[in-house]
Amino acid sequence: MKLWSGRFQKETDALVNDFNSSIAFDSRMYAEDIAGSIAHATMLGECGIISPEDQALIVQGLSEILADIEAGKIEFTADNEDIHMNVEALLTARIGDAGKRLHTARSRNDQVAVDLRLYLRKEIAAIKGMILDFEAVLVNKAESNQSTVMPGYTHLQRAQPITLAQHLLAYGAMLKRDVTRLEDCAERMNECPLGSGALAGTTHPINRERTASLLGFCAPTANSLDGVSDRDYAIEFLSCMSILMMHLSRFAEEIIAWCSWEFKFVELDDAYSTGSSIMPQKKNPDVAELVRGKTGRVYGDLISLLTVMKSLPLAYNKDMQEDKEPVFDAIDTVKMCLPVFSAMIDTMKILPENMRAAANRGFINATDCADYLAKKGMPFRDAYKITGQLVYACTQSGRTLEEIPLNELRAISPLFDADVYEALSMDACVAQRSSYGGPSPAETSRQIAMLRKFIEDHK
Ligand code: ARG
């Protein structure tokens with residue numbers, strides 16, 4: 001018999017029973033549901049809304065149910081629809097009338113809202129930890145590659161000389177934002193909807209500050225209608241996950257390119273690559289490709305929930321039960337991607353001589369050549385033009401800029417001196433790019449120290 005059967009003359013149709021039920025996926029919030037109920041019962045007891053004896057029985061009963069669920073002794077049923085009614089039914093079966101008092105001054109609408117916030121708070125902490133672990137891998141790799149010269153790209157064309165450290169630290173900067181973005185999201189989420197009731201609060205003399213503080217929230221939500229119908233926090237969380245996955249997908253794309261015979265900048269560890277069922281020579285970057293692919297499903301999770309919430313009138317609507325699966329899917333996906341991607345990066349072999357060889361072709365020191373002339377007094381626009389002519393001549397004769405003899409250079413501009421060859425060397429080109437945030441080893445060291453401190457401060 002249904003908990004709400006009083007109003008009804010007929011049993012629920014079996015199809016509706018299954019259709020309506022969310023226990024198959026919301027059971028994963030059992031610990032949060034029980035924590036919310038314990039806080040609620042404690043507050044009800046303290047406010048004199050239930051007796052101290054009932055309060056004690058409820059808290060004891062819920063703690064035992066929690067232990068039994070964790071020991072695998074409980075089977076939930078779709079007949080009890082969701083995790084909230086399953087727990088309540090279990091409690092009442094164990095402690096009788098006291099169990100039936102738990103739902104005083106509460107609705108599943110505020111209950112589910114508090115459960116999801118608690119659940120997300122826990123998962124945000126876990127995901128943040130994983131991002132910081134990955135960040136540490138990147139920082140360590142950057143540290144040992146501060147003089148690993150490689151071409152920096154724009155339009156996927158060789159552009160200017162950088163180091164692998166600088167390239168990795170760009171992802172470090174993205175991940176740093178992913179962490180603070182999640183922290184912002186957690187902070188905004190840190191209000192407790194419990195006590196909003198079904199939508200319009202309650203006539204019982206409850207203390208919402210108390211349940212908020214028992215559950216570690218900074219305050220109760222300000223408006224009862226908003227308290228039960230707001231899912232901004234879940235949407236915000238999914239957008240944090242989408243942006244994080246977007247970052248991973250960009251990195252994945254580069255790893256895939258870097259593993260190709262065309263680049264050969266890195267070789268993935270055997271343990272993090274896969275073979276082909278037909279082509280014996282293949283070593284494929286499946287991990288990177290799957291991370292790139294799974295970015296699509298996390299975006300889908302975000303768009304699902306945005307679409308579910310679109311145009312919903314206030315306050316609670318059953319549509320909102322569709323919030324949980326995308327949220328859980330995004331959590332599972334991100335938690336699967338982060339450690340495997342991080343380990344793949346940690347174990348991959350860098351091929352510095354190939355990176356340097358690529359840097360030596362493609363005239364990526366052309367800007368440096370123009371800068372050399374500009375520093376000697378030539379207007380940059382003129383220096384740019386002359387260097388362009390030199391590059392063109394080189395493409396015709398199959399030379400690099402530093403292979404042009406000094407007399408030829410001086411025929412074009414007397415400002416060229418013997419020191420030009422040092423100025424055009426790849427190491428000098430990188431070392432001289434010492435503007436704040438640039439790729440010079442001095443600047444990458446600064447970035448590394450800053451990120452190390454960030455990791456420590458945010459653990
Ligand atoms: N299982 C429901 C959900 O996830 C709980 C809230 C149900 N409330 C209601 N009035 N039917 O949203």
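Need the C-alpha centroid separation for segment 63-132 versus segment 321-346, integer Å.
Value for the Cα centre distance between the two parts: 23 Å.
Which one of 249, 205, 235 has its Cα pushed farthest toward the positive end of the charge dipole of segment 196-279, where Lys and Arg give +1 and Asp and Glu give -1 at the Cβ?
205
Toward the positive end of the charge dipole of segment 281-393, about the Cα centre and with charges on Cβ (Lys, Arg +1; Asp, Glu -1), which of 388, 351, 284 goes farthest?
The residue sitting farthest along the positive end of the dipole is 388.
Where a ≥ b ≥ c are the square roots of the eigenvalues of the C-alpha gyration tensor, would you call segment 109-165 rounded, which needs a/c under 1.5, or, failing that, prolate if a/b is larger than b/c, or oblate?
On the way: a/c = 9.76, a/b = 2.64, b/c = 3.70.
Since a/c reaches 1.5 but b/c is at least a/b, the shape of segment 109-165 is classed as oblate.
What three numbers, in Å, describe the spread of the alpha carbons of segment 177-312 along their principal axes, ordered from the longest?
The principal-axis extents, from largest down, are 73, 29, 23 Å.
Only helical DSSP H runs with n ≥ 4 go in: add -39500 (n - 2.57) per run for the chain, normalise by residue count and round the 222 nm mean residue ellipticity to 500 deg cm²/dmol.
Details: 20 runs with 288 residues, N = 459.
Rounded to the nearest 500, it is -20500 deg cm²/dmol.
With axes computed from alpha carbons, what is the tilt in degrees of helix 324-347 against the longest principal axis of the chain, rounded to the nearest 10 within 0 to 90?
40
If amide H atoms are built 1.01 Å from N in the plane of the peptide, which residues on other chains or at least 5 residues away come under 5 Å of the amide H of residue 284?
Amide H neighbours of residue 284: 274, 275.
May I ask you to compute the full-extension gain from residue 97 to residue 63, defined as 0.36 nm times their residue separation minus their alpha-carbon distance, rounded to one decimal in nm?
Contour length minus Cα-Cα distance gives 10.5 nm.
For segment 116-128, take each phi angle, set θ = phi - 60°, evaluate the Karplus expression 6.51 cos²θ - 1.76 cosθ + 1.60, and give the result in whole Hz per residue in order, putting x for glycine and proline.
Calculated HN-Hα couplings, in order: 5, 5, 5, 4, 5, 4, 5, 6, 4, 4, 5, 5, 4 Hz.
Given H placed on each backbone N at 1.01 Å, which residues far from residue 148 in sequence or on other chains put an amide H within less than 5 Å of it?
Amide H to amide H, under 5 Å and 5 or more residues apart or across chains, residue 148 pairs with 164, 165.
Just name one of 129, 96, 78: the one whose Cα is farthest towards the positive end of the charge dipole of segment 78-140 (beta-carbon charges, Lys/Arg +1, Asp/Glu -1).
After comparing all options, I get 96.
So what are the three principal axis dimensions of segment 243-309 from its Cα atoms, in whole Å, longest to shortest?
Each principal axis gives a Cα extent; for segment 243-309 these are 49, 25, 19 Å.
With r as the distance between the Cβ atoms of residue 317 and residue 122 and R0 = 25 Å, compute the FRET efficiency 1/(1 + (r/R0)^6) and round to 0.05.
The calculated FRET efficiency here is 0.45.
Nearest 0.05, what FRET efficiency do residue 75 and residue 262 give at R0 = 51 Å with Cβ-Cβ as r? Please list the in-between numbers first.
Working: r = 55 Å, r/R0 = 1.09.
With R0 = 51 Å, the Cβ-Cβ based efficiency is 0.40.
Restricting to the chain, compute how many DSSP beta bridges are antiparallel as a %, nearest 5.
80
Relative to the longest principal axis of the chain, what angle (0 to 90°, nearest 10) does the C-alpha long axis of helix 232-259 take?
Here the helix axis deviates by roughly 30 degrees.
How far apart, in nanometres, would the label points at residue 419 and residue 452 be if each is projected 7 angstrom from Cα along the Cα-to-Cβ direction?
Reported label-point gap for residue 419 and residue 452 is 3.4 nm.
Could you tell me what a quarter of the Cα convex hull surface of segment 1-89 works out to, in nm² with one decimal place?
If you wrap the Cα atoms of segment 1-89 in a convex hull and average its projections, you get 6.6 nm².
Quick one: if you stick a label point 7 Å off each Cα along the C-beta vector at residue 253 and residue 177, how many nm between them?
1.5
If all Cα-Cα distances of segment 93-243 are sorted into 10 Å bins from 0 onward, what percent lands in each bin, rounded to whole numbers?
10, 28, 22, 16, 11, 8, 4, 0
Between residue 391 and residue 28, what is the FRET efficiency for a Förster distance of 60 Å, r being their Cβ-Cβ separation, to the nearest 0.05?
Here the calculated transfer efficiency is 0.50.
Report the per residue volume, in Å³, of the convex hull enclosing the C-alpha atoms of the chain.
Value for the chain: 200 Å³ per residue.
How tilted is helix 30-46 with respect to the longest principal axis of the chain? Cα atoms for both, answer in degrees (0 to 90, nearest 10).
Helix 30-46 sits at roughly 50 degrees to that axis.
Using the count of nearby Cβ atoms within 10 Å as a rough guide to exposure, how do 43, 241 rank from fewest to most?
Taking fewest neighbouring Cβ atoms as first place, the list is 43, 241.
So, in nm, how far is label residue 442 from label residue 9 when the simple model puts each one 7 Å beyond its Cα toward the Cβ?
Label at residue 442, label at residue 9, 8.8 nm between them.
Which of 319, 178 has the fewest other C-beta atoms within 10 Å, and how do the rest follow up to the most?
Numbers: 319 13, 178 23.
Ranked by crowding around the Cβ, least crowded first: 319, 178.
Nothing charged except the Cβ atoms of Lys and Arg (+1) and of Asp and Glu (-1): what's the magnitude of the dipole of the chain about its Cα centre? Round to the nearest 20 debye.
Numbers: 48 positive and 64 negative charges, 226 e Å.
For the chain, the charge dipole is close to 1080 debye.
Taking the Cα centroid of segment 158-221 and of segment 358-391, what is the distance between the two, rounded to the nearest whole Å?
Between the Cα centre of segment 158-221 and that of segment 358-391, the gap is 48 Å.
List 217, 328 from most exposed to least, where exposure is judged by having the fewest other Cβ atoms within 10 Å.
The most exposed by this proxy come first: 328, 217.
I'd like the Karplus ³J(HN,Hα) series for segment 437-445: coefficients 6.51, -1.76, 1.60, θ = phi - 60°, whole numbers in Hz, and an x wherever there's a Gly or Pro.
Whole-Hz 3J(HN,Hα) from phi for segment 437-445: x, x, x, 4, x, 4, 6, 5, 4.
Every number in this text was worked out from the coordinates using simple rules, so none of it is lab data. As the structure is a prediction and not an experimental result, all values here were calculated from the model. With ideal geometry, Cβ positions are generated from the backbone for all residues, glycine too; neighbour counts draw on all protein chains shown.
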